[in-house]
Amino acid sequence: MRKKIVAGNWKMNNDLAQTELLLKDLKKQIIPEDVEVIIAPPFTNLHHSFVSLRDHPIGVAAQNMHQSNEGAFTGEISAAMLKSVGVESVILGHSERRAYFKEDDALLAEKVNTALEHELDVIFCIGEELEDRKKDGHFNVIKTQLENGLFHISENNWKQVVIAYEPVWAIGTGETASPEQVQEMHEYIRRMIAENCGSELAESVSVLYGGSVKPENAGEIFSQKDVDGGLIGGASLDAESFMAIVNAFP
Ligand code: PEP
């Protein structure tokens, strides 16, 4: 049985006061026992979130980290720093990091290694742009991102990895991939893992979908055979919407 996971990527939203309010609302909600729920607040609110959620099943993830262990990297945050404030996992390869901060597959492979060495779980994001899909190149983009960023890890390390398929054209646009498009790509991702790392392992890896998931469309997306949950942006900023998504599994 693969883990069902719903993770909320808050992006650069919520100062401390807003974080306190959202945490308070989230803690009022009942979390289903069979769903792992994670929030990814900005760096400044990670420790506060961890302390606030200490006796609560919601886990705390970071949205990024630096690939080096320490040193002269002004403005950056290391894996050890994240661990020291209670963070359990980190989102790597989000399309906004790839596009605005020029993070490429080679850099992401380094970040993956560092995160795994520090026993942080990794939510590894992959996704094609609209142009790729129009040219029918979307499968190739996903294959390359997986091969160059992730497939070098050891079999043992896969236990710490979750994949999030996020077509760039569906992120923050209100345009969701159709359930058929999502299933088709998730099946492809699982096939790629099977070919590179074995079918038993492929069956065990949770693959999340991200891109304009809302309470209204989550149920249909989560009913697809190879979809194990979602990475949620906008809708994770409202406790009720986020929890409606968490409860949308069939
Ligand atoms: C995201 O940024 O990971 C995301 C899926 O955003 P949204 O849900 O807002 O499209």
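Things to note:
- For the stretch 197-216, the candidate set comprises residues that are within 14 Å of the ligand (Cβ to nearest atom) and either among the acidic types (D, E) or surrounded by fewer than 18 Cβ atoms within 10 Å (Cβ to Cβ) (or both); within that set, the residue that is nearest to H152 (Cα to Cα) is K214.
- Hits in the stretch 144-175 (condition: crowded, with 20+ Cβ neighbours inside 10 Å and polar (S, T, N, Q)): Q145
- Unique match (being more than 18 Å from the chain's Cα centre (by Cα), of a type in the set (D, E, K, R), surrounded by fewer than 19 Cβ atoms within 10 Å (Cβ to Cβ) and closer than 27 Å to E20 by Cα) among E240, E184, E180: E240
- Annotation: of all residues in the stretch 11-22 being within 20 Å of the chain's Cα centre (by Cα) and surrounded by fewer than 22 Cβ atoms within 10 Å (Cβ to Cβ), the one that is nearest to the ligand (Cβ to nearest atom) is K11.
- Given (1) in contact with a strand residue (DSSP E or B) (Cβ under 7 Å, 6 or more places away or on another chain); (2) part of a loop (DSSP other than H, G, I, E, B); (3) over 30 Å from A106 (Cα atoms), number of the condition P32 does not satisfy: (1)
- Close contacts from the stretch 154-183, counting a first residue that is more than 22 Å from R98 (Cα to Cα) and a second that is within 11 Å of the ligand (Cβ to nearest atom), with Cβ to Cβ under 8 Å and a gap of 6+ residues or different chains, come to Q181/P167.
- Filtered by the rule that a residue be farther than 15 Å from P42 by Cβ and exposed (fewer than 14 other Cβ atoms within 10 Å of the Cβ), the stretch 61-79 gives N69, E70, G71, A72, F73, T74.
- When residues in the stretch 200-221 are screened for being more than 15 Å from the chain's Cα centre (by Cα) and in contact (Cβ under 8 Å) with a residue 24 or more places away in the chain, 10 of them pass.
Each value in this text was obtained by applying a stated rule to the coordinates, not by laboratory testing. Everything numeric here is computed off the predicted structure, so don't read it as measured data. Quick reminder, even Gly has a Cβ in these numbers, built from the backbone with ideal geometry, and neighbours come from all protein chains shown.
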